[in-house]
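The values are calculated or read from the model by the stated rules, or taken from the named source; none is laboratory data. Keep in mind that what you see is a predicted model, and the values were worked out from it rather than measured. Counting neighbours? That spans all protein chains shown, and the Cβs are built from the backbone with ideal geometry, glycine included.
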Amino acid sequence: MSTDQVSLAELPAWVAAQPGFEGLVRALHERRTTTLDGTWGGSAAAAVAALARSAPSTVLVVLPREKELDGFALDVASCLGEAPQIFPAWEVLPQELRVSDPILGSRLRVLHAVSSDTPPRVVIATIQALLQPVPAASERQQATRTWRVGDRLEIEELAAWLVARGFERVPALEFPGEFSIRGGIVDLFAPAAAEPVRIELFGDEIESLRAFDPQTQQKVRDLEEVTLTLLGGPLTSGLNTSGLNTSGRNTSGRNTDSPNATEDPADDAAESPANRTAAAAALARGARGSAATDGAHFVESLPESAWVVVHEFDEAQAEARFYLQRIPDCRGLFSIEATWQRCVRHGFVQLAGLAATGGETACHLRVESIERFTRPKGDAVRELVATVRPDDEVLIACHNEGSRARLQELLQEFAGELHGRVHLALGHVSRGYRLIGWPPGSPADPPRGLVVLSDNELFHRTEVVRAPRRKRLETRALDTFLDLAEGDLVVHLSHGIGRYRGLKLLEKEGQREEHLELEFRDGVRLYVPVSLIHLVQKYVGGGKTAPELSKLGGTGWSKKKQKVAEAVSDLAADMLRLQAERESKPGLAYPPDSHWQQEFEAEFPYTETDDQLRAIAEVKADMERPRPMDRLICGDVGYGKTEVAMRAAFKAVDGGRQVAVLVPTTVLAEQHFRSFSERMAEYPVHIAALSRFKSRLEQKEVLDGLAAGTVDIVIGTHRLLSPDVKFQDLGLLIIDEEQRFGVEAKELLKRLRLEVDVLTLSATPIPRTLHLSLLGVRDISNLETPPQDRMAVETRICRFDGDLIRQAIIRELNRNGQVYFVHNRVYNIETVADRLRSLVPEAVVDVVHGQMGEDALERAMLSFVTGRTDVLVATTIIESGLDIPNANTIFIHQADQYGLADLHQLRGRVGRYKHRAYCYLLLEEGKSLTPTAARRLKAIEEFSELGAGFQIALRDLEIRGAGNILGSEQSGHIAAVGYELYCQLLENAVRALKGEPLKEHRHVAVDLPVSAYLPEDYVPPGRQKIEMYRKLSSVQSREQWDLLREEFRDRFGPLPAPVEALLQIRELQLLAATWQIDEMRLEGDYAVFGYRNPRKIQQLARVSPHPLRIVDARSAYLVLPPRCDRSTQLLGLLKSVLQAEAGDRYNTPLFPRGAAVG
């Protein structure tokens, strides 16, 4: 096999060498309209790359459909050697556009790029994107601001200007279209910017400019100047209406002024290729004959010498017409003819597979389409041998290095007759084709061919294409405490359950400090200084009812805490005993990764997240140890658990053992069967499915194969647990969503756990606190990082409204997407489907539910998976694991009847690709909601961001996750003391049983006459303020203290005196802890240190620069100098004493093993 003689980058040269190509390029330079046909399969991308190499400026490629964008962009990048820019279409109507919409930013970035001095070589757009207006150049110019260090800036004027443009003022910005102002600091996130900018002012002069990370809110780098285009609001104002539809009526956008415009609408649909070129030429004449006006069409922003390439003109025309017909209000959009008029002012070429009959064809490519590969995946290479003609060469584009290496081996083994004629390259080809006359200029007769295809096509794998995208802003997994709102329940570790009533600034003897105000039973209030914020946790209990408030000063709370501590101690002992039992059982130790395993992993088409890599390493380490594995992989819906399972399965098969994959539903069994088969297509792994989709005979074949050892991996429902299922050598059991199986199944699984390796997958996430508290007793891997490009699901609660449903389905159809409609009542599901058919007659609607026959269910699912069905009306049969990236809108009918976890799982069916996904929680017309249902729906709407499973769980879901792991009887204990305290007690119980030191919170109490707090005009009240107090409370070393000080300076500006004092007090606490001092206070002319280690305090007395008298076993008195100013000099004096010879201890974490300090 040859790996380096032919590459995809050589294909444009073949196109350029074809007869007529030079003439076509000349015509384009003269801004004429021409045609390039024969562009079958992926050869259109090679033609675009050839044109880009000959073009004087940008080449704009117009595609008919949105779903082709990413694949075409990757094809062009493989041939051209550089990635084209993508100009996306809005997914909403012009009047609905928001500044925060990421598509606005993407469109603006491409606009800036094509208007710059170095425009991109290729821009790819759909026809829909061109029908949508862009801000005019004058509007963009007016909205652009440049600021330099030293410039003057009026803050309030800027704020008013931004609000008028649709920007939102927030306390701390996270997304484009937001800004915040804190004192002399302005944070601003422009829609087209890669990152937000922080402007710091001294008076009204810009003192510094810096880019910062919206996740950490901290500086990334300093800037000398910044230019931002601050556009916002619906972008239809101020547009040139030449060619814009302003009537609001549905229109196909006919340009009746054109010499070739047809009068009869029926003629429009029948426009023939023969007169299309003439029509385009006439449009060109008409366009250039009319006076050019300032417009707001994307094409008008292109360089004068740009060329426009339309791929399959007829299809683009038809798609544009469908798009406009489906939109109820077309105001603000351009007509189709107005768009073509602007395109033909440039050099204009139509790419087509079929040659146009009549009219001038400038260039014809000798390209043939190749037949689809249809044989079983294992025979793919033999089928390739049969397909290729005797003199043909073959170029296979492999999606990564691992795939190329594996394919190389297969070709050497099974395709020796193709030796020297197959070339393997890295790259992308959407659809295969055959070039006739290879190599370029070859005189061979008959001409030789080059078959070009991809490894995915060869093994008929479906691929989800992800073109290179700009880095998405991750939403962070949040500390639940930061979401604390007034009225929320909290747990005070010493006093019990109370209600949080807000932050209060209290003054005592001239000393001002902020306190958390907590209300306990009988209205008793307790004020907790923020220095003790670590003693207060948000209450998350998961009980059906709210707990009653604790009585301050009673013994009830300590008894309750003691009871839970005993229960968790028993639980930890049981878990440790089970683990010890497993450790003593002999298991099979798998060998280290083989060459095949490495190749299999290298073929993974995406980049693994750090969490995935960690989980994979942990699973392999378990499998290589000589004892049975029992590991739980937890992660939100779609966070990559299946890939972890596939690698474990492959390792087991590679080690000579069989694998069983147990799933809760038939639909999921089929889905896993497909994905496992596609992923392992290039390896001799026999995979079978066992479910009610299979006939009796098929089931018997699978059972015989399992017993004989010819089936390597079986994927099935609880049918796998039947007595007649016998394995020759079962090595690994993978269980998906164990909590959905019955009691009998669980008991059987419990026995299996002691014999074979078990890997359990759960989409019910568990919180980090529980994960950490179970370290060493239960093997858990937690996946917390969302996949690349994943966007949050926009969630809305609304009544059943025909117009809204139609609009949402049309929006999905306009981007070639699909829709789920969940209705969990079989008896009237057909009635609901008929109602949808009448609302959206242009959509194909189908129904699935668990009571259907196997064949009908399989047909319906297959139709949806392959994209033939637009709307799938289904029961919750789709809840588990169904992965269809093209489905990005889900309606959940009668949403008030679902539990929170179920709603979250269902919502996880969408948003599995780069598109913005929508989830509509529909309530029945006229039906009133119970308060519990309203609260549940509000929670799911609130937590729509990624990984929101973690937050929702703080209401319901994680408690269920905890119940799954710990057993349901523990739920009552969690409700009694709150989730966080429960986890702390569990962790200490585990530590005690393992003989490890307990995790303790040691706090240094400081009572000094100093005002130390975060003023409201420095850090705004609410979430940010609590976050900064929590960060201060968790500082454990000098290094962390320095970083926090820098963060205050960076985010909020110069530190005022109370904040300086706050940081100094924290510094004193760190220093005091090294001397084992627990308390510092003033008594007359003395500073009193309460200590617990006599040896340490004696050492401090010896080295102290000021007299320190040890008066008893608990207290030491520091004599204060007579002229010491208590408000300004006291803290510095104490620091000088405590710093004496503290040395290196001050720079190391004070509490090892994760213990936190006050």
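Exactly one of these conditions fails for Glu205: (1) modelled with pLDDT under 90; (2) touching a strand residue (DSSP E or B) at 6+ places or on another chain (Cβ under 8 Å). Give me its number.
The number of the failed condition is (1).
Counting only residues that are small (Gly, Ala, Ser) and either in the same structural domain as Arg1023 (by TED's automatic domain parsing) or in contact with a Gly (Cβ under 9 Å, 6 or more places away or on another chain) (or both), which one in the range 503-550 is nearest to His1001 (Cα to Cα)?
Applying the filter and picking the extreme gives Ser531.
Among (1) within 30 Å of Pro1021 (Cβ to Cβ); (2) at pLDDT below 90, there is one condition Glu139 misses while meeting the rest; what is its number?
The failed condition is (1).
Just to be sure I understand the filter: pairs with C-beta atoms under 7 Å, separated by 6 or more residues or on different chains, first member in the range 674-697 and assigned to a helix (DSSP H, G or I), second member among the β-branched types (Val, Ile, Thr). Which pairs pass?
The qualifying pairs are Ser675/Thr642; Phe676/Ile687; Phe676/Ile713; Phe676/Ile715; Ser677/Ile687; Glu678/Thr462.
Does the range 459-488 hold any residues that are surrounded by 19 or more Cβ atoms within 10 Å (Cβ to Cβ) and modelled with pLDDT of 85 or more, and which are they?
Matches in the range 459-488: none.
Sort through Leu1044, Leu1062, Leu1070 and tell me the only one that's within 19 Å of Leu532 (Cα to Cα), of a type in the set (A, V, I, L, M) and either assigned by TED's automatic domain parsing to the domain that holds Leu532 or surrounded by fewer than 18 Cβ atoms within 10 Å (Cβ to Cβ) (or both).
Just a single option satisfies the conditions, and that option is Leu1044.
Does the range 738-757 include one or more residues that are under 25 Å from the mean Cα position of the chain (by Cα), modelled with pLDDT of 70 or more and surrounded by 21 or more Cβ atoms within 10 Å (Cβ to Cβ)?
no
Could you list, in sequence order, the residues of the range 979-1018 that are basic (Lys, Arg) and loosely packed, with under 15 Cβ neighbours inside 10 Å?
Correct list: Lys994 only.
Would you confirm, using the coordinates I've provided, whether Asp902 is under 22 Å from Pro664 (Cβ atoms), in a loop (DSSP other than H, G, I, E, B), charged (D, E, K, R) and touching a residue at least 24 places away in the same chain (Cβ under 8 Å)?
no
Scan the range 1044-1103 for residues that are among the hydrophobic types (A, V, I, L, M, F, W, C) and under 50 Å from the mean Cα position of the chain (by Cα) and report the count.
Matching residues across the range 1044-1103 total 18.
Of all residues in the range 551-569, which are part of a helix (DSSP H, G or I) and among the β-branched types (Val, Ile, Thr)?
Val564, Val568
Which helices (runs of 4 or more DSSP H) does the range 30-131 wholly contain that include 1 or more residues that are in contact (Cβ under 8 Å) with a residue 24 or more places away in the chain, closer than 30 Å to Cys330 by Cβ and of a type in the set (Asp, Glu)?
Hits in the range 30-131: 69-80.
From the set of residues in the range 706-737 that are without any contact (Cβ under 8 Å) to a residue 40 or more places away in the chain and assigned to a helix (DSSP H, G or I), which is surrounded by the fewest Cβ atoms within 10 Å (Cβ to Cβ)?
Ala708
Can you find a residue in the range 439-452 that is β-branched (Val, Ile, Thr), in a loop (DSSP other than H, G, I, E, B) and in contact with an Asp or Glu (Cβ under 9 Å, 6 or more places away or on another chain)?
The answer is no; no qualifying residue exists.
One residue is enough: does the range 318-329 have a residue meeting the conditions more than 33 Å from the chain's Cα centre (by Cα), more than 21 Å from Ala55 (Cα to Cα) and modelled with pLDDT of 90 or more?
yes
Considering each residue of the range 365-384, count those that are part of a loop (DSSP other than H, G, I, E, B), in contact with a Ser or Thr (Cβ under 8 Å, 6 or more places away or on another chain) and either more than 17 Å from Ala44 (Cα to Cα) or at pLDDT below 85 (or both), and give that number.
Adding up the residues that qualify gives 3.
I'm trying to understand the selection: among the residues of the range 486-524, which are charged (D, E, K, R) and assigned to a strand (DSSP E or B)?
Correct list: Arg499, Arg501, Lys504, Glu507, Lys508, Arg512, Glu513, Glu514, Glu517, Glu519.
Can you pull out the strands (runs of 3 or more DSSP E) entirely within the range 796-879 that have at least 3 residues that are modelled with pLDDT of 90 or more and not β-branched (Val, Ile, Thr)?
Filter on the range 796-879 gives 818-822.
Taking the condition of being in a loop (DSSP other than H, G, I, E, B) and either touching an Asp or Glu at 6+ places or on another chain (Cβ under 8 Å) or surrounded by 16 or more Cβ atoms within 10 Å (Cβ to Cβ) (or both), how many residues in the range 160-170 meet it?
Within the range 160-170, residues that are in a loop (DSSP other than H, G, I, E, B) and either touching an Asp or Glu at 6+ places or on another chain (Cβ under 8 Å) or surrounded by 16 or more Cβ atoms within 10 Å (Cβ to Cβ) (or both) number 3.
Sort out which residues of the range 592-607 are over 25 Å from Val756 (Cβ atoms) and buried (at least 18 other Cβ atoms within 10 Å of the Cβ), and write them in order of number.
Correct list: Glu599, Glu603, Phe604.
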